[in-house]
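Written below as C-alpha cells is the structure these notes are about.
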Amino acid sequence: MTPTALSLPLRTPELVMFDLDYTLLRPSDEFEAPGYVRTGARFGLRLDPQRWSQAERAAYAAVKARRGQTGEAHDDGLLEVIARAVIEGLGGDDPEGVAATISAIAAAWSKAENFGLYDDVLPCLRTLRSAGVHMALVSNALGHSLEEVVVHFALDEFIESTLSSAELGIVKPAPEVFRAALVRAGVEPQAAVMVGDSVEDDVKGALACGCRAILLDRDRRFAGVPLARIESLADLPAALGI
C-alpha cells in the first residue's frame, strides 16, 4: 500500500498514538559507533567506527531479511540480529567476542538509563494535554517494558495507555496492533492519529487500519515523499490544528 498524501494541518484528533524508540526515546551512544567500539573492546574486538555507515546498511538488510522469515510475529531475537549485523559490519570476526558483545548490547538496550527523551518531547506532550488530546504508546518495543519507560521518564501524566507488540505477539504494521490500541483507548480509527519514525510500521500500518498518520522524519530522509510529515515534535501541535 502506498501512503496517502495528506495536507497539514489535520483535523485535531481525540487520540495521538506515539511510537517509542527514535520517536520519543533517543538511544544513547551505547548503540552508535562509539558504544559498539567500547563494548567490543571489553571482549577483545577491535571494531572500526569508520565503518559505521556500512554497519548500519548491514543492520537494515538483516532486519528486512529477518522480517521476511518471521512475518508479523513479535520477534524477541531481532535485537541480537541487529547487534550481530552491526558488530560484523564494524569488523568484528572473533566468534566468542562477537557473541559476548551481542549479549552486552542486548542487555544495555533493556535499561532505561541508556536512553533519553528528545528535547522536543515534553513541550509537545504538554501542549497536546492542554488541548485535551489523549495520548498512547504503540510500539514494537524490543527489550523495553513500556510501563517501566513511562514511569522512568515520568510520562504517566501524559500517556494514558500503552500497547506493545510483545503483549499481542504481532508487530506493526499489522492493522490488528492499531485496532487493539484503539479499543484500549476507546477511540474510533478516524478520531486517531499515529505519529512515528517508520513509513512501513507506523504510517502504512495506521493508514491500513483507517487512522491518519504523520511521519516524524528527524533526519529528513523522506523529503518529497507524498505523506504527512514533520521534522520535529515541536511541529506536531500545529500539524494537528492546535
Would any residue of the range 31-50 have its amide N under 18 Å from a label point 7 Å out along Cα→Cβ of Glu96? List them or say none. 40-47
For Gly116, what residues show an amide H to amide H distance below 5 Å, using hydrogens built from the backbone and excluding near sequence neighbours? Arg26, Ser28
Of the DSSP H helices in the chain, the ones reaching 20 Å or more along their long axis in Cα terms and averaging at least 0.0 in Kyte-Doolittle hydropathy are 95-109
Per residue of the range 210-216, what does 6.51 cos²θ - 1.76 cosθ + 1.60 with θ = phi - 60° give for ³J(HN,Hα)? Whole Hz please, x for Gly and Pro, Karplus curve as stated. x, 8, 8, 8, 10, 7, 8
What are the residues whose amide H is under 5 Å from the amide H of Leu240, where those residues sit 5 or more places off or on another chain and H is modelled from the backbone? Leu10
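Under 1.5 on a/c is rounded, so check that first for the range 151-217, then, if it is not, pick prolate when a/b is larger than b/c and oblate when it is not; a ≥ b ≥ c are the square roots of the alpha carbon gyration tensor eigenvalues. Write down the numbers at each step before the final one.
Values: a/c = 1.38, a/b = 1.30, b/c = 1.06.
It comes out rounded by the Cα gyration axes.
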Give me the number: length gained by fully extending Ser28 to Ala73, i.e. 0.36 nm times residue separation minus the C-alpha to C-alpha distance, one decimal in nm. 13.5 nm
Long-range amide H partners of Ile214 with built H, under 5 Å: Met194, Val195, Gly196
Count the net charge of all other residues whose Cβ sits under 11 Å from the Cβ of Pro13, scoring Lys and Arg as +1 and Asp and Glu as -1. 0
Karplus 3J(HN,Hα) series, Hz, for the range 152-159 with 6.51 cos²θ - 1.76 cosθ + 1.60 (x for Gly, Pro): 4, 9, 6, 9, 5, 6, 10, 8
Cα centroid separation, the range 132-158 to the range 11-58 (Å): 19 Å
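Read the figures in this text as sums done on the coordinates, not as results from a lab. No experiment lies behind these values; they were computed from the predicted model shown. When we count neighbours, we look across all protein chains shown, and the Cβ atoms used for this are built from the backbone with ideal geometry, even at glycine.
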